[in-house]
Structure formats: structure tokens, C-alpha cells
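Engineer: Below: one structure in C-alpha cells.
The values are calculated or read from the model by the stated rules, or taken from the named source; none is laboratory data. In this text the structure is predicted, and so the values were computed from the model without any measurement. Note that we place each Cβ from the backbone using ideal geometry, even for glycine, and neighbour counts take in every protein chain shown.
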Amino acid sequence: MKLLAKAHTSQRRLIEILRVIDESEKPIGARAISDKLSTRGYETGERAVRYNLKILDELGLTRKEGYSGRVLTHLGLNELRDALVDDRIGFINNRIEEFMYKTTFDPRSGLGDVVVNTSIIDKRDYEITMDILQRVFDAGYTVSRKISILDEGDFIGSENVPEGFLAICTVCSITVDGMLLKGGIPVNTTFAGVVAIDNGALSNFTELIAYDGSSLDPTGVFIARRTTQVNEAVNTGNGLVLANLREIPVAAIDHARKLLESAKAVGIDGLTNMSVPGEPNMGCPVNSGMVGIAICSGTNGMVAAGEMGVPARTRSLSMLADYSKMSEI
């Protein structure tokens with residue numbers, strides 16, 4: 001029997017605390033855990049978090065690292081990875097919906113918060129990374145040319161950028177989903193995948209992972225598996241890039257096109273492909289009465305840097321950023 005099987009109503013909160021600790025790159029304290037829980041819908045104060053951490057310590061799932069905070073024990077890792085995998089089903093979809101709702105980007109004014117991906121790189125790799133990003137942006141294989149740079153010590157959520165490193169924030173395609181939703185269009189983000197590029201244009205999906213029911217971030221899976229050829233696509237017009245697909249009702253096609261055109265005018269302008277109503281989008285299934293819109297992933301620039309040997313830790317759907325304060329390459 002799993003250690004948390006008797007936790008009943010508090011089980012999900014304990015699981016979420018384990019997740020927060022696991023996702024942190026260093027020991028994390030009760031205040032930071034409380035902040036992260038609030039962004040996930042758990043209004044748990046610092047005092048309550050400390051109480052729950054005591055329970056997890058007694059179960060042998062976490063341990064204190066001096067005054068720095070908590071880390072998972074080997075037993076805690078096993079509990080999270082194995083016994084609790086069922087609880088993670090649909091977690092990514094919930095996170096997408098959360099960020100869609102929180103996005104305030106207005107395509108008419110170009111103002112508001114956008115969803116960003118964050119990539120941590122060594123400061124010594126800054127110049128080569130910028131050169132690669134510019135070439136990928138020029139080819140249109142990302143969502144926007146705008147980025148933000150966070151220096152060491154700056155916060156990514158409740159975590160600091162490590163000493164000697166930088167964090168590069170790129171616009172995430174879920175920003176477009178949030179924009180459509182705010183415009184009154186129901187959106188269902190359905191698949192992430194690898195798309196073949198043929199003569200500089202999106203051609204067909206070669207691999208797909210459904211967001212629905214996924215316990216992992218599909219984009220992260222494709223990045224880890226090194227399934228792309230982004231630089232090849234940039235240099236020759238033929239390669240493999242990351243993209244994702246969302247569905248909207250057929251009745252909303254015209255309105256969606258107007259919103260997408262408005263977004264292009266303020267810099268949200270990557271390669272997209274809108275399918276014929278009810279027909280597959282580049283081989284990806286689309287439900288009856290719906291239209292599929294494929295958009296290149298905002299992570300493609302940093303994926304290209306990784307292909308060129310730049311070590312980077314990329315996290316999609318990382319946080320929100322003020323679009324007006326981002327800089328264009």
C-alpha cells in the first residue's frame with residue numbers, strides 16, 4: 001500500500017507539495033512552496049505548508065537541507081514517480097487552461113501579459129544563442145521575435161536564476177490560445193507534435209502526443225528525445241520543427257482570422273496552418289464541426305540552440321510576462 005493512501009482529503013495537497021519540491025532545482029522553503037501552490041489553485045498558507053511538510057518528513061518522503069528548505073528523498077521520488085502517476089493524468093491540460101485564462105494579451109494594443117517559456121543557459125553561451133535565435137525567428141519557426149533576459153539572481157516564479165547563468169524567456173504559443181479565448185472563441189488545445197518543413201512551409205505532422213490525459217509535457221518529451229531538425233529547416237528550408245494544434249468551432253473561423261491578423265501587427269507572427277472544417281490538419285485529427293489551427297512552438301529557437309551544442313534547461317508554460325517590456329531581436 002502506498003504511503004499516501006490514507007491521506008484522504010489532504011492527499012492531493014500533499015502530492016502537489018511533492019511535485020513543487022521535485023520541480024525545484026534546489027532546496028525549497030515553505031514560503032516558496034506556498035506561492036507555487038497558490039498558482040495551481042491551492043490556497044495554502046505558509047503555516048499550513050509547514051504542517052504538511054512535517055507529515056512528509058515523518059513519512060520519509062522529504063528531508064530538510066539545513067536552512068535552505070526541503071528536498072525529496074529516494075522514497076519520495078519513488079512515491080511521486082510511481083504510486084502517484086495516475087494523479088498526474090490531465091495535469092498538463094489543466095496547466096494550459098490555467099495559463100489561457102490568466103493571459104491578458106490584447107492583439108489590438110499589443111499590451112498585456114503573455115505566456116512564456118524559460119531556458120536557462122550559461123552566460124558564456126549568450127552570443128551564439130542570440131545568433132541562433134535570430135535565424136530561427138527570421139525563418140518564422142517561433143511565435144514571436146520578442147524575448148526577455150533574466151540575469152543571475154532574478155526570479156523565475158519563486159526560483160532564482162543560478163549564479164553564472166541567464167534565463168531567456170520566449171513567447172509560448174498558448175498565448176494565442178488565451179488571446180482567442182479572451183476574444184470569445186472556445187479553444188481546445190489537443191496535440192503537440194513534430195512537423196516536417198518542406199520548402200520553408202509547414203507540411204505534415206510526423207509525430208503526435210495528445211495533451212488530454214498526458215502526465216508529461218509533450219513538448220518537453222520531444223525536446224528530450226532530440227526529434228527535431230530546426231537548424232536544417234532554417235538553413236535548407238527542409239527539416240523538422242515543434243508545433244501544436246488547437247481546435248476552434250467552425251463558426252468562429254472569420255473572427256479567429258481577424259484576431260490572428262491583429263496579433264501579427266504587434267509581433268505575434270509565426271508560421272500557422274488552419275485546416276478545412278472537419279478535415280485533418282497536416283495529418284492530425286480534428287473533430288467534426290471544428291477547425292484545427294497548427295502553430296509553431298515558441299521553444300523552437302532554444303531547441304535549435306540545443307542542436308548546436310548549447311546546453312539549456314527549457315521549461316515550456318513557465319510563467320507570465322508583460323509583453324510590452326519584452327525586447328525584439
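Engineer: For VAL241, indicate whether it is modelled with pLDDT under 95 and of a type in the set (A, V, I, L, M). Let's see the steps before the verdict.
Structural biologist: Details: modelled with pLDDT under 95: no; of a type in the set (A, V, I, L, M): yes.
Here the answer is no, as VAL241 does not meet what is asked.
Engineer: Please pick out the residue among ARG246, ARG313 that is in contact (Cβ under 8 Å) with a residue 24 or more places away in the chain, surrounded by fewer than 20 Cβ atoms within 10 Å (Cβ to Cβ), assigned by TED's automatic domain parsing to the domain that holds ILE174 and assigned to a strand (DSSP E or B).
Structural biologist: On the way: ARG246 fails: surrounded by fewer than 20 Cβ atoms within 10 Å (Cβ to Cβ).
So the residue among ARG246, ARG313 that is in contact (Cβ under 8 Å) with a residue 24 or more places away in the chain, surrounded by fewer than 20 Cβ atoms within 10 Å (Cβ to Cβ), assigned by TED's automatic domain parsing to the domain that holds ILE174 and assigned to a strand (DSSP E or B) is ARG313.
Engineer: Note down all Cβ pairs under 7 Å where the first residue falls in region 35-49 and is closer than 11 Å to ARG13 by Cα, the second is not hydrophobic (A, V, I, L, M, F, W, C), and they're at least six residues apart or on different chains.
Structural biologist: Listed pairs, sorted by first residue: LEU37/GLU16; LEU37/THR44; ARG40/GLU16; TYR42/ARG13; TYR42/GLU16; THR44/ARG13; THR44/SER34; VAL49/SER34.
Engineer: Look at region 136-176 and say how many of its residues are in a loop (DSSP other than H, G, I, E, B) and over 16 Å from the mean Cα position of the chain (by Cα). Can you show your working first?
Structural biologist: In the first step, residues of region 136-176 are kept if they are in a loop (DSSP other than H, G, I, E, B); the result is 140-143, 145, 151-154, 157-158, 161-164, 172-173.
From the residues that got through so far, the ones that are over 16 Å from the mean Cα position of the chain (by Cα) too are 140-141, 145, 151-154, 158, 161-164.
Count: 12.
Engineer: Which ones in region 249-279 are outside any helix (DSSP H, G or I), surrounded by 20 or more Cβ atoms within 10 Å (Cβ to Cβ) and touching a helix residue (DSSP H, G or I) at 6+ places or on another chain (Cβ under 7 Å)?
Structural biologist: ILE268
Engineer: Select from region 16-33 the residues that are farther than 11 Å from THR44 by Cβ and in a helix (DSSP H, G or I) and list them in ascending order. It would help to see each step written out before you state the result.
Structural biologist: From region 16-33, those farther than 11 Å from THR44 by Cβ are 18-19, 21-29, 31-32; that's our starting set.
LEU18, ARG19, ILE21, ASP22, GLU23, ARG31, ALA32 - these are the residues of region 16-33 that are farther than 11 Å from THR44 by Cβ and in a helix (DSSP H, G or I).
Engineer: Being surrounded by fewer than 20 Cβ atoms within 10 Å (Cβ to Cβ) and part of a loop (DSSP other than H, G, I, E, B) is the filter here, so list the residues in region 195-235 that pass it.
Structural biologist: Across region 195-235, the qualifying residues are ASN199, GLY200, ASP212, GLY213, SER214, SER215, LEU216, ARG226, THR227.
Engineer: So, one more: Just checking, does region 38-58 include any residue being of a type in the set (D, E, K, R), assigned to a loop (DSSP other than H, G, I, E, B) and closer than 23 Å to ILE174 by Cβ? Spell out the reasoning first.
Structural biologist: To start, the set of residues in region 38-58 that are of a type in the set (D, E, K, R) comprises 40, 43, 46-47, 50, 54, 57-58.
Okay, now just the ones that are also assigned to a loop (DSSP other than H, G, I, E, B), so 40, 43.
Those still in the list that are closer than 23 Å to ILE174 by Cβ too: 40.
Checked region 38-58: at least one residue is of a type in the set (D, E, K, R), assigned to a loop (DSSP other than H, G, I, E, B) and closer than 23 Å to ILE174 by Cβ.
Engineer: What tally of residues in region 121-157 results from selecting those that are of a type in the set (A, V, I, L, M) and buried (at least 21 other Cβ atoms within 10 Å of the Cβ)?
Structural biologist: If we filter region 121-157 for residues that are of a type in the set (A, V, I, L, M), which is where we start, we get 121, 128, 130, 132-133, 136, 139, 143, 147, 149-150, 156.
Narrowing further to those that are buried (at least 21 other Cβ atoms within 10 Å of the Cβ): 121, 132-133, 136, 139, 143, 147.
Result for region 121-157: 7.
Engineer: Let me ask something else. May I ask you to list the residues in region 280-310 that are within 23 Å of ILE185 (Cα to Cα) and not in a strand (DSSP E or B)? Full working, then the answer.
Structural biologist: Let us first name the residues in region 280-310 that are within 23 Å of ILE185 (Cα to Cα), namely 280-282, 284-298.
Within region 280-310, PRO280, MET282, PRO285, VAL286, ASN287, SER288, GLY289, SER297, GLY298 qualify.
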